[in-house]
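**Student:** Pasting a structure here, questions to come.
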Amino acid sequence: MPDSLGAGGSADLGTPRSWGVITLVWLLLSAAAPPTYFSLFGHVPPRIILAGAVTWALAIAAKHPLALLLNRMLGQSNRPVLLAGLQGLLSAVLELTAAGAYLHYVPEAFTGLNRILAFGSAAGSAEVVYVLAAGVRGGSDPAKVAEWHRWAVNSVCVRYQVPLERFFALVGHTGARGMVYLGLHLPGMTGVSFCVAVLTTFSAVDGVAYYGHLRNWNWLNAAVCRRVHLFFSMVSVLELVVFLIGFQMLE
């Protein structure tokens, strides 16, 4: 995955400094802009923003050992479609259950659209911080940087793959948690339908990403980049749009 490439590339390869600057600024804005906006201008209490980040972190902490156990049980290559599907479902269940538990047990905190959006986007912002920290800690692989540069020269998708991925993940986190909120607050089968829909879309995104990892997709190939991130972005935007439309049903 391109997350390990770092933000700046390599000056020895003739990589324009602007590529790294744009990437870093984009990532920093994705991490800082949503919580700052909702806190200062949306009048959302900081505890709600913090809860969105913390519930994401707890789900990720729980997912790592369970994902390893799943790999040991099924093997990493014998049944890639099944394994990828189960890994995607595991991510969806843990993250959405953690978010849903908070939304259910602290309902008085969510008295308007801004608070729900702030809670959901905080998960995406927390993930951006995690990716940035992992990139700094892991450094960069010169061979991968060289390959990235070769594709990035002619592909905007490859050039800005990391910030694109993080931005649409943030959109998806926000929409998915909003759909969970609707599932908890809309009556009968309408609420159930929202829960099933978001479980499906969330599982699909993480499942496809994990399948690509198992099949050793070249994420730096321009064609692969376009197809995969078009899928990710479409699903993420769909989740947010469905939530915003569905939210009108509560009024």
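**Student:** Among the residues of the stretch 204-230 satisfying the criterion of being without any contact (Cβ under 8 Å) to a residue 40 or more places away in the chain and loosely packed, with under 15 Cβ neighbours inside 10 Å, which is nearest to the chain's Cα centre (by Cα)?
**Tutor:** LEU230
**Student:** Say we look at the stretch 209-251 and pick out the residues that are outside any helix (DSSP H, G or I) and touching an Asp or Glu at 6+ places or on another chain (Cβ under 9 Å); which of these is nearest to SER155 (Cα to Cα)?
**Tutor:** Within the stretch 209-251, the subset outside any helix (DSSP H, G or I) is 215-221, 251.
Add one more test, that the residue is touching an Asp or Glu at 6+ places or on another chain (Cβ under 9 Å), and what stays is 218, 220.
Working: ASN218: 14, LEU220: 9 Å.
Here the residue is LEU220.
**Student:** Looking at ALA61, ALA51, which one is closer than 21 Å to GLY175 by Cβ and modelled with pLDDT of 90 or more? Don't jump to the end; show me each part of the working.
**Tutor:** Details: ALA61 fails: closer than 21 Å to GLY175 by Cβ.
Result of the check over ALA61, ALA51: ALA51.
**Student:** Answer with yes or no whether HIS104 is in contact with a Leu (Cβ under 7 Å, 6 or more places away or on another chain) and either in a helix (DSSP H, G or I) or not β-branched (Val, Ile, Thr) (or both). Can you show your working first?
**Tutor:** Values: in contact with a Leu (Cβ under 7 Å, 6 or more places away or on another chain): yes; either in a helix (DSSP H, G or I) or not β-branched (Val, Ile, Thr) (or both): yes.
So HIS104 passes the test.
**Student:** Just give me the residues in the stretch 114-172 being more than 13 Å from CYS225 (Cβ to Cβ), among the β-branched types (Val, Ile, Thr) and either modelled with pLDDT of 95 or more or part of a helix (DSSP H, G or I) (or both), in sequence order.
**Tutor:** ILE116, VAL128, VAL129, VAL131, VAL136, VAL145, VAL171
**Student:** Looking at ARG177, is it over 22 Å from THR111 (Cα atoms) and charged (D, E, K, R)? Let's see the steps before the verdict.
**Tutor:** Numbers: over 22 Å from THR111 (Cα atoms): no; charged (D, E, K, R): yes.
In short, no.
**Student:** Residues of the stretch 3-41 being touching a Gly at 6+ places or on another chain (Cβ under 8 Å), among the hydroxyl-bearing types (Ser, Thr, Tyr) and at pLDDT below 90, which ones?
**Tutor:** The answer is SER4, THR15.
**Student:** With the checklist (1) closer than 17 Å to PHE232 by Cβ; (2) surrounded by fewer than 20 Cβ atoms within 10 Å (Cβ to Cβ); (3) of a type outside the set (Phe, Trp, Tyr) in hand, flag the one item GLU165 doesn't pass.
**Tutor:** Single failed check for GLU165: (2).
The values are calculated or read from the model by the stated rules, or taken from the named source; none is laboratory data. Only a predicted model underlies this, so the values are computations on that prediction, with no experimental measurement involved. Please note: Cβ atoms are built from the backbone with ideal geometry, for glycine as well, and neighbour counts cover all protein chains shown.
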